[in-house]
1. Quick check: from the Cα gyration tensor, does the range B:2-169 come out rounded (a/c under 1.5), prolate or oblate?
2. Let me know the charge dipole size of chain A about its Cα centre in debye, to the nearest 20, where only the beta-carbon of Lys, Arg (+1) and Asp, Glu (-1) is charged.
3. Can you list residues whose amide H is under 5 Å from residue B:143's amide H, if they're 5+ apart or on another chain and H is modeled 1.01 Å from N?
4. First obtain the Kirkwood hydrodynamic radius of the protein assembly as shown from its Cα pairs, then insert it into the Stokes-Einstein equation at 4 °C and 1.567 mPa s, and state the resulting D in µm² per second as a whole number.
5. Using the membrane-span-like helix rule (whole DSSP H runs, Cα extent along the own axis of at least 15 Å, mean Kyte-Doolittle hydropathy at least 1.6), which helices of chain B qualify?
6. Residues of the range A:104-138 with amide nitrogen under 18 Å from the 7 Å Cα-to-Cβ point of residue B:180?
7. Rounded to the nearest 500 deg cm²/dmol, what is the calculated helix-only ellipticity per residue at 222 nm for the protein assembly as shown, with -39500 (n - 2.57) per DSSP H run of length n ≥ 4?
8. Reported to two decimal places, what Rg/Rh ratio describes the range B:192-305 when computed on Cα atoms with Rh from the Kirkwood expression?
Amino acid sequence: MKILVCISHVPDTTSKINFSDNDTKFDTNGVQFVINPYDEFSLTRAMWFKEKQGASVTVVNVGGAETEPTLRKALAIGADDAIRVNVEPTDGFLVAKELAEVVKNGGFDLVLAGKESADYNGQMVPGMLASLLDFNFVNACVGVEVDGTNVSLTREIDGGEEKVSSTLPMVVAGQKGIVEEKDLRIPNMRGIMMARKKPLSVVEGVGAAAATETKAFEKPAPKGAVKLVENVDDLINLLHNEAKAI
Amino acid sequence: MSVLVFADSSEGKFKKTAFEVVSYGKKVAEQLGTNLVTLTINGGDASELYAYGAEKVVEVKNDLASFNAKAYASIIKQAAEAQGSDVVVVDSSVDGLTVGPLVAVALEAGYASNAVALPSSTSPFVVKRKAFSNKAFSNTEISTGKKVIGVAKNSYGAHENAVSGSVESFTATLPTLGVKSESIQKASGKVTIADADIVVSAGRGMKGPENWGMIEELADVLGAATACSKPVSDLGWRPHSEHVGQTGKPVASNLYIAIGISGAIQHLAGINASKVKVVINTDPEAPFFKAADYGIVGDAFEVVPQLIEKLKAFKQA
């Protein structure tokens, strides 16, 4: 089984979010970048398939050279090799089209991704990729087992879970539950040393067109100070008459 | 030309988000000077949608027992083509989020998910969307001729706007499904976090799982869903399905009551889309107070029982 894990390079959750160039660009000044937390779950599941079922694991990112430390971190966690598609990821459709080329050229039969990225939260790329490739697709996946080309999965639905079956090739968008949080891997020193020697190839994009463009970012209006109340009567009164929430 | 809204349902009942996207689609159609067409797949009674402005409902009835991504995407595409729809609107239920990108590819349409407002302009077509885990918005231009919009849950709201509607049936051909449903487990009789107007959430301040009775009782009184912080689900005090925050379930309720939760940034990222936030915490320095609308500095073990008692009286009054 050849697994491709899509890795987004995103600001750490604790980062301050600011914009530059007239609010058209994310200001990366002083921002720590990490592997997208949702992708980490899928990467860890891929490592399980590598260790238990002999799968190969390639990681891929669509982005500039600044994303390479994030790919190296994925290699340190245990991926075999990495691909960086040298294209600025301005739109989900564009990223999905570039990834589709990588999947076709690499002959991957299982693509694992996080269900969303912590920066744009679009939940767009995995589904688009599956659709472009005509692969089977399961979103919000909280469990996946592969037996030959048969795949059993559990996906989250509103208010519960659904067990589904499918076949390779497929795209799976994972989240917490596809592995447990305690099983997430942190690169160790040996992994970090080995990652330096693992292949990281840079490929030029195919020039896929974007379908959307960010015109301007904005921040939410500053929130008023919290109203501290002394007793529950006041709280109920405010929630009913002021907030109209009960 | 028309605007096509997909009104999602589960077991033949429309989801709450269905009424929200109908309301949204109705306004977009008005902005564009065109008609609204509402598509249902094995859905509920079309008259429920008329109440929100769905003047024309197109019903698909077939053998699909439950949601299937490929099939739903194909049906929506066929309906959009049959109705000459250039704009397709889906909700942010798990189904909507799953099918949205597939529809976008099928129609070669630009896709703006997580939309929180009506298009600020239709030429160019610009939609405001959530980004950076609710810490910012992106005003996104969709540059393609066809467009797909995913409306963020509880962002636009359902607005009653009764029309005398009509319904017609539509037959769509189904593709190979590719993914087969084996079984569905749903918590019955409980308000889900996704659907709840009010969410009562508790953290490590509750000291142990044996103390959750009062949280459940408070939720009962309010008709709310129960939720918890990440440490609580990690400790096994509550099931993982209750974990809300980044990497857990997102919450976009009208009212979010946080009890004994300090308000780590990862937690706030997941619940920030809620409209009104109430914090009950013994520690006045808890970061959650900075993100809250109302707060009580106090011991949950004293405040919550009082709140239950007073709310019961309030509900009866």
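1. Cα axes put the range B:2-169 in the rounded bin.
2. Details: 26 positive and 35 negative charges, 165 e Å.
Roughly 800 debye, rounded to the nearest 20.
3. Under 5 Å from the amide H of residue B:143: A:212, A:213.
4. Numbers: Rh = 24.2 Å.
D, rounded to a whole number, is 53 µm²/s.
5. Values: long enough: B:16-32 (25 Å, -0.15); B:69-82 (20 Å, 0.21); B:94-107 (20 Å, 1.80); B:300-316 (24 Å, 0.14).
Answer set is B:94-107.
6. A:136-138
7. Values: 15 runs with 158 residues, N = 563.
Value at 222 nm, helices only: -8500 deg cm²/dmol.
8. Working: Rg = 12.2 Å, Rh = 13.4 Å.
Radius of gyration relative to Kirkwood radius: 0.91.
Each value in this text was obtained by applying a stated rule to the coordinates, not by laboratory testing. Since this is a predicted model, take the numbers as computed values, not measurements. Every residue, glycine as well, gets a Cβ built from its backbone with ideal geometry; the counts of neighbours run over all protein chains shown.
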